[in-house]
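Report on one structure; see the data block that follows.
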Amino acid sequence: MKTRNTILLVEDNEDDIFLMKRALKGAGVRNPLIVLEDGEQVIAYLAGRGEYADREKHPLPSIVFLDLKLPLQSGFDVLRWIRAHRDLEGMIVVVLTSSNEPSDVKSAYALGANSYLVKPPTVDQLEDLAKSFKGYWLEFNEFAEVPA
Amino acid sequence: MGDTELRKRNAEEALREGASRFQLALAAGHLGDWSWDATTDVVHLGPKACEIFGLAENCLITRSNLREFLYAQDAVRTRAIVDKALAARSDFDLEFRIHRGRKLAWVAARGRGTYSANGAVTGMVGVILDITERKEADEIRSRLAAVVESSDDAIISMGLDTIITTWNRGAERIFGYTAAEAVGQSVTMLIPNHAEDEEPRILKRLLGGERIEHYETVRQRKDGTLVDVSLSISPILDASGMIVGASKISRDISEKKRSEQALRKAQAQLREHAEKLEELVAERTFRLSETIQELESFSYSVSHDMRSPLRAMQGYSDALLEDYAAQLDPTARDYLERIRRAAHRMDLLIQDVLAYSKVAKGEFDLKPFNPQAVITDVLQTYPTLEAARENIRVHGPLPEVLAHEAYLTQIISNLLSNAVKFVPLGTAPNIQISTRKENGMIRLSIKDNGIGIAPEHQKHIFQIFGRVYSTKKYEGTGIGLAIAKKAAERMGGSIGVNSEAGKGSEFFVYLKEAQ
């Protein structure tokens, strides 16, 4: 593995947080993982506002797992915000949601998502997904440099 | 020269002079002279008289010959008048027609009888005049007068002093005044108070040589009521081309005005109704789109929110089974497996309900599809079908149908899944797919060797949750056929079944044929 790219998991459902963490661990992903639970918090974090100003403690992620249904600001709002900021243009955003509505898929790509994944129902399938993710995004993918 | 001779000469001279003066006077009056001698029946015609009859000058002709010139219809009357005058020793004055060449000519004749001492008629003398032109002019005039008189429009003539000179029956009908009442009055009596200045303006335009056509205005009747009229006015010129008056044609357009008004009113009403209808449609459409939006957000939240607890149930069961396998006894593992299966079934149910609502409400276009392609696709994507692929036989080639791909996929996947699923234990499925044309539709048939459906159950199977067998025996949500039915109907087709318990089933779908 190359540098330890930080992963941000944006998810408000604690069960899904637990299962995702478990799957990533099962897949052997060792990267630093930040979990944030609502859209406003995510934007504050990415903008480095307030308590998140310290980039040593709160580094910018290279990859964001983004749920669409979030409190306060939706996943689409977060995605739109990220893509409106040129300094974050290399950030990989993977939508991870339980919705397979064609309209959601379409909107996500239109707003600049790099990938769209539907949460699989079983632990095994989730772990398969985490493994595939690791293989592709963490081992083969070249990242743009993350601004400090 | 003796006195007598001189007198005689003077008398002869005087006579000659008199005769020549007489001929001059006749010529000036375009008159022809004639005389008839009763004893010889010879008629002597003067030069002009010869011309009137179309005869050569100095011709000799008898009265009997002349009768042949007379127009047959006038013969009896003419003869009667002449005979009567001769008997009464009075003058006669008559007009009759004669054949002159190929044409008829009108002639006026005046004359009187000459008598012997004993009173016998010895002849007649008189003059004739060609009155053909006058008669023709009279006829045209009377025809015109008849036209004017019988017109529905008011036709009035007036002098520049606005005094009415003629007044037809149409004018009487429209304005209520008789000709006797109107002639001699000023036309201003027809003009209502508020339009007093109209007549002077019309006169001014007229004097400028202008014709006024279809000028719509209002006139007042004798009884004071108003009438809508359309006026056409042209100047009347005298022989020297001076304007001496005006002819006015007034058409009663009150009926037209009334229908115009009625039409305008009807149009306004129609507009109003159309506006109301549009408002209503807009309101209903708004409410409907609100409902649809609510439904959409409902199904969205079903797909998103209701499935996430299921994932948690499955996830934690899996996690327990994996992470704590050592601490779990077989009963605990069995319970966890049951939780997982129940969660899985619930997930399938939610997915099917969503699929059903999508089939029921979605918008789509029908496009030509080959069912074969969809069947191949379904066989490759559905794991349960992949195993039974060798038992499914398609009797191709299949004709193209007009369909929506997702709906056609729903139908074929549900029917094939059922065909594979509902077989007696230990029997290999045997499925035949075929098509045939029927009444302009394509009938797609899927025949199986399965357990069949008793007739009393056949009605229920297409209803949502219309299950015949318990989930324990044959797993499923009970929504598949309802989805297939809805999909077929939304594509303008239908679905049905032929089956008997224990003897297999044939499901058939009618689909539109692609042209």
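A few notes on this one:
- Applying the set (1) at pLDDT 90 or above; (2) part of a helix (DSSP H, G or I); (3) surrounded by 14 or more Cβ atoms within 10 Å (Cβ to Cβ) to B:VAL148 leaves exactly one unmet item: (1).
- Residues within the stretch A:98-142 that are loosely packed, with under 15 Cβ neighbours inside 10 Å, of a type in the set (Asp, Glu) and either part of a loop (DSSP other than H, G, I, E, B) or at positive phi (or both), tallied: 1
- Residue check, B:ARG345 part of a helix (DSSP H, G or I), under 24 Å from B:PHE462 (Cα atoms) and basic (Lys, Arg): yes
- Scanning the stretch A:75-97 for any residue that is in contact (Cβ under 8 Å) with a residue 12 or more places away in the chain, within 14 Å of another protein chain (Cβ to nearest Cβ), crowded, with 17+ Cβ neighbours inside 10 Å and of a type in the set (S, T, N, Q) turns up at least one such residue.
- If only residues of the stretch B:337-365 that are buried (at least 18 other Cβ atoms within 10 Å of the Cβ) and among the hydrophobic types (A, V, I, L, M, F, W, C) are counted, the one that is farthest from B:ALA403 (Cα to Cα) is B:ALA343.
- Scan of the stretch B:274-303 for residues that are under 22 Å from B:LYS358 (Cα atoms) and either more than 14 Å from chain A (Cβ to nearest Cβ) or surrounded by fewer than 10 Cβ atoms within 10 Å (Cβ to Cβ) (or both), ordered by number: B:THR285, B:PHE286, B:ARG287, B:LEU288, B:SER289, B:GLU290, B:THR291, B:GLU294
- Qualifying residue in the stretch B:153-173 (condition: farther than 13 Å from B:SER247 by Cα, of a type in the set (S, T, N, Q) and assigned to a strand (DSSP E or B)): no
- The criterion of at least 3 residues that are under 18 Å from B:GLU95 (Cα atoms) and either modelled with pLDDT under 90 or not aliphatic (A, V, I, L, M) (or both) is met by the following strands (runs of 3 or more DSSP E) wholly inside the stretch B:31-81: B:31-37.
- Yes/no for A:LYS57 being over 13 Å from the mean Cα position of the chain (by Cα), within 14 Å of chain B (Cβ to nearest Cβ) and surrounded by fewer than 18 Cβ atoms within 10 Å (Cβ to Cβ): no
- In this entry, B:SER505 passes the filter for residues that are surrounded by 19 or more Cβ atoms within 10 Å (Cβ to Cβ) and touching an Asp or Glu at 6+ places or on another chain (Cβ under 6 Å).
- Leading residue by the ranking (surrounded by the fewest Cβ atoms within 10 Å (Cβ to Cβ)) among those in the stretch A:63-74 that are in contact with a Gly (Cβ under 8 Å, 6 or more places away or on another chain) and either within 14 Å of another protein chain (Cβ to nearest Cβ) or not in a loop (DSSP other than H, G, I, E, B) (or both): A:PRO71
- Number of the exception - B:ARG271 against (1) of a type in the set (D, E, K, R); (2) in a helix (DSSP H, G or I); (3) away from chain A (no Cβ under 14 Å); (4) in contact (Cβ under 8 Å) with a residue 12 or more places away in the chain: (4)
- Only one of the listed residues (B:GLY29, B:GLY18) is exposed (fewer than 15 other Cβ atoms within 10 Å of the Cβ) and within 16 Å of B:ARG110 (Cα to Cα). That residue is B:GLY29.
The values are calculated or read from the model by the stated rules, or taken from the named source; none is laboratory data. All of these numbers come straight from a predicted model, not from anything done at the bench. Virtual Cβ from ideal backbone geometry, glycine too; neighbours counted across all protein chains shown.
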